[in-house]
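Only one structure is covered here, and it is reproduced in the block below.
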Amino acid sequence: MRFKVLICGLVMVSLAALGTVVAMTQDPEEDVRGAFMTTRTKPGDKSAKGNPAPRRNRRRPKPQPVKPADGGTGGETTSGAVAKDEPAKVTPQKLGVGLTLLSRDSLGLTVRTDPNRTFRKGDRVRVLLETNNDGYLYIFNTTNGGKPVMIYPNKELDEGGNYLQAHIPFEIPSSTASEERLRWLVFDEVAGNERLYFVFTREPLPGIPLEDELVAFCNDAKNTCPIQPNAELWAQLEKELDEPLRTATASRFGKAQTEPEREAIERGLGLSKQEPEPSLIMMSASAKSGTLVTVLDLVHK
């Protein structure tokens, strides 16, 4: 099985495989859903904390100066010594990633589809992703067990950035692409075995350039893009794949994408609790974990 798509006009991606996302251990699914969904905003909540300002740029946000608690200008103490701003202590949450596989039905509507179904030539799919923390997203693709290739971040997408804000949905490929052929992963007639790895981290992965560095790296004729991670990094990511995850899966499919979901994608808005939950939710077993790795495999005959 094999299918190809040109993502945003640059990267040719093949996707196919057999399997399901497997968790080493599981909590009750309702607990996983609750832990993931509780950090979404309430309907109508416009607070800065609960509903961040619209942001389509995937570049890392610039550090903001910390205002002193006493309302002063900061910088010096009464003794003349330079004062250091102390960041507020934040209790880390377990990393969570929600994946929803979307397809185009016979009426042309974008609907939720079962990742375990069998796909045929001409079927179109797209992955909708949501995280419960701010962090960095990497997507790798392997073909027939071959070498991994990084398809995101990419120099032609989001200015080479890969920073996601919590509960602001992300699509690959994008429904807002300029042409229809760029909006879907399309299955063709050629067989093959491929897998998508989704890597979500609190901090950038070492050794992989981002943003301007990624653009410059890929524009240099001496370098090869898309990037292939080095053996040491890939071994670490495969080891992370063996770490236990708690999962929750949806049992119903076929529901059309909602208008608020589409608006959130187009405008970079956060999803509220009343919007549908992801079809598949994975959460790390420990809040101390800084990396979550999961895979999405599809069957094509």
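Observations, loosely collected:
- At R0 = 41 Å, FRET efficiency that the Cβ-Cβ distance of V111 and N219 yields, to 0.05: 0.60
- Take each peptide in 202-210, 182-190, count the other Cβ atoms within 10 Å of every residue, and average; sorted highest first, the result is 182-190, 202-210.
- Neighbourhood net charge (12 Å Cβ-Cβ; Lys/Arg +1, Asp/Glu -1) for P226: +1
- Sites T91 and E156 - FRET efficiency at Förster radius 41 Å, r taken between beta-carbons, to 0.05: 0.65
- Here the Karplus relation 6.51 cos²θ - 1.76 cosθ + 1.60, evaluated at θ = phi - 60°, turns the backbone of region 277-282 into coupling constants of 6, x, 5, 9, 10, 10 Hz, with x for every Gly and Pro.
- For P153, neighbours were defined as the other residues whose beta-carbon sits under 13 Å from its Cβ, and their charges (Lys and Arg +1, Asp and Glu -1) total -2.
- Close amide H partners of E243, meaning residues 5 or more places away or on another chain with modelled amide H under 5 Å apart, do not exist here.
- Across region 172-188, rounded Karplus estimates of 3J(HN,Hα) from the backbone phi angles (6.51 cos²θ - 1.76 cosθ + 1.60, θ = phi - 60°) give 9, x, 8, 6, 9, 4, 5, 10, 4, 5, 9, 9, 9, 8, 10, 6, 10 Hz, Gly and Pro being marked x.
- In this simple spin-label model, placing a label point 7 Å from the Cα along the Cα-to-Cβ direction at both E179 and R120 gives a separation of 2.7 nm.
- Once backbone amide H atoms are built at 1.01 Å from N, L95 has S284 as its partners under 5 Å, excluding neighbours fewer than 5 places away on the same chain.
- Amide proton proximity set for H300, modelled H, under 5 Å, gap of 5+: A17, F119
- Distance (nanometres) between label positions extended 7 Å along Cα→Cβ at R60 and R202: 1.5
- Charge tally for R104 (other residues, Cβ to Cβ under 11 Å; Lys, Arg +1; Asp, Glu -1): 0.
- Legend: distances between Cα atoms for K239/K301; K62/K147; K42/K239; K222/K288; pairs beyond 32 Å are K62/K147; K42/K239; K222/K288.
Computed from the coordinates by the stated procedures, all read-outs in this text should not be read as laboratory data. Only a predicted model underlies this, so the values are computations on that prediction, with no experimental measurement involved. Every residue, glycine among them, receives a Cβ derived from its backbone with ideal geometry; neighbour counts consider all protein chains shown.
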